[in-house]
Amino acid sequence: MASRILALLIWAAVAATIAFWGLRWLGKPTPVPSNAMAVSLDNAARGDLRKLLTGPAEVEADTPNLSAASALGARLKLLGVVAPRHQGDVGGLALLSIDSKPPRAVRAGATVDGDMVLRSISQRGVEIGPASGPTTVKLDLPGLPAASTGSLPPPSGITTEPSVAAPAPVGQQMSSDASMASPPADMPAQPPAHRRNNR
């Protein structure tokens, strides 16, 4: 019995080896995509090694480009603010639309577009500028429209005069009074109220 199990294991290993190498030789490899690029390690060390070893470069405080600020101001539209209660408080949200896209909520200190951040929020506007520079764009909320004045038109279908019914002719008045006094024929007669209380 052990020899049969050993033979089965050996033949299974032979079949697995033949299947593996047969698929390797007969199978077509997946081609390299046409947009793939070869990686070369020769270009990795090129560049200025002094920058690598001396640390970050000193950033000079440059003057803001006013034409870029005016272009940004033309692209932005302030739709609403959630300002802090007091002037010195930090925080708040502004609802801004950039390039007529759907508006998005921006927190104070968050990036608005590129390197421009929302510097401060007031009750009626926001100030935008670079993170390490002065305010370059100031946006104000549009003014509220004037309240409409005037009078409303009178409602239709309603009259303010009481309606006076025309008096009915004497003969018709008598017949309507008689029909009100006599009960209908299908209604059972009820005993008078004083007789019901005695029972």
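The values are calculated or read from the model by the stated rules, or taken from the named source; none is laboratory data. Note that the structure is a prediction, hence the values are computed from the model and not measured. Cβ coordinates were reconstructed from backbone atoms using ideal geometry, including for glycine residues, and neighbour counts include every protein chain displayed. Please note that ligands, DNA and RNA were not included when accessible areas were found on the heavy atoms of the full protein model with its side chains. Shrake-Rupley method; radii C 1.70, N 1.55, O 1.52, S 1.80 Å.
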For ARG107, solvent-accessible area (1.4 Å; no DNA, RNA or ligand), Å²
150
Local electrostatic count at ILE98 - Lys and Arg +1, Asp and Glu -1, tallied over other residues with Cβ under 10 Å:
+2
Under a plain spin-label model, where a point goes 7 Å from the Cα along Cα-to-Cβ, how far apart in nm are MET1 and ASP115?
8.3
Per-residue SASA entry for ASP115, accessible area with 1.4 Å probe, Å² rounded to 10:
110
Taking the Cβ of LEU78 as the center, what net charge do the other residues with Cβ under 13 Å away carry, scoring Lys and Arg +1 and Asp and Glu -1?
+3
Quick one: accessible surface of VAL90, probe radius 1.4 Å, all protein chains present, in square angstrom to the nearest 10.
140
